[in-house]
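Data block below; observations after.
Read-outs: derived from the displayed coordinates by stated rules, not from any lab. All values reported here derive from a predicted model rather than from experimental measurement. Cβ sites come from the backbone with ideal geometry, for glycine too, and all protein chains shown count toward neighbours.
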Amino acid sequence: MLEQCATELIHIERAPQFCNISMKYFIANWKSHKTQTDAEAWLTAFQKLLTSNSAVQNKLIDGQISIVLCPSYVFLAGLKHSFLNLPHYSLGVQNVSPFPPGSYTGEVSARMLAGLAEWTIVGHSERRTYFHETNNDVSKKLELAQDSGLKTILCIRGPKDMVGDPATLIAYEPVEAIGTGKNASSKDILAMRKELNIQERRPFIYGGSVDANNCKEYIQTEGIDGFLVGTAALDPAIFFSIVSSY
Ligand code: PGA
């Protein structure tokens, strides 16, 4: 009986964290770009735009939008220092170790990120391609990240990348659309959502050459709950115009 309760408790703790479905997510993925100076300049410029736009601030406060900035690990502590204290405005990371704290040279464990980041991207196609990450690695990362209280953004290129333990957000990023200017159509994104049988309550976002123009159509489309933005997020003004498209 006790054992059964313990199992149930673990199950509850590991249950996917469902988010507010009407919320739109704007996630900036800086990848391996920027220096400390660039990162600070970006944040200063972005927050200047944010503090001068009460409509966007109110949307954050009301939970209509969520903005997540994912810099390199090395900039996290510095950026956190000057990060505005607004609801649904947070820092994330682009990757997390598949191992717990221990003798794993060069790795950043989920536990280390507590208090520095709220979110982590997991399974980005560049990690799968250049660092040979498998779905097994991705599952371990999701589990450890969730156990440490991080919200997770699972990137998938298609159905084969879906793993058992679902993340907070699913980000559909077709390889041919990443960094190419060849963004997918809303129709194709919704078709993938349907094929994956993503429940209505689970946020499903899109990434792949999202820019200040094409975001306008996506943002009006029910079933596309936001964006994971690479290239267009390197410029604070462009990323802010994507955020304010909603
Ligand atoms: P992109 O990158 O916006 O430059 O296509 C998106 C991503 O890889 O997350």
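Just so you know, the Cα atoms of the chain work out to an Rg and Dmax of 17.5, 57 Å. Note on ASP62 and GLU200: the model spin-label points, each 7 Å out from Cα along the C-beta direction, lie 2.2 nm apart.
When Lys and Arg each count +1 and Asp and Glu each count -1, what net charge do the other residues less than 12 Å away from PRO236, Cβ to Cβ, add up to? Before the final figure, lay out each step's value.
Working: positive: LYS34, LYS48; negative: ASP38, GLU40, ASP235.
Net charge in that neighbourhood comes out at -1.
In order along segment 207-224, the Karplus-derived 3J(HN,Hα) couplings, from 6.51 cos²θ - 1.76 cosθ + 1.60 at θ = phi - 60°, round to x, x, 6, 6, 9, 5, 8, 5, 5, 5, 6, 4, 5, 7, 8, 5, x, 10 Hz, and Gly and Pro are given as x. What does the C-alpha gyration tensor say about the overall shape of segment 130-246? Classify as rounded when a/c is under 1.5, otherwise prolate if a/b is larger than b/c, or oblate. Note, shape of segment 130-246 comes out prolate. Taking amide H positions as modeled 1.01 Å from N, with prolines and chain starts lacking one, the residues under 5 Å from THR120 and 5 or more places away or on another chain are VAL93, LYS151, THR152, ILE153.
Remark: for residue pairs LYS24/LYS80; LYS59/LYS151; LYS140/LYS182, the C-alpha separation exceeds 25 Å in LYS140/LYS182. Scaled to the globular estimate 2.2 N^0.38 Å, the Cα spread of segment 97-183, given as radius of gyration, is 1.10.
Normalised by residue number, the volume inside the convex hull of the Cα atoms of segment 111-161 is 76 Å³ per residue. Dipole magnitude for the chain: computed about the Cα centre from +1 point charges on Lys and Arg Cβ and -1 point charges on Asp and Glu Cβ, it is near 320 debye.
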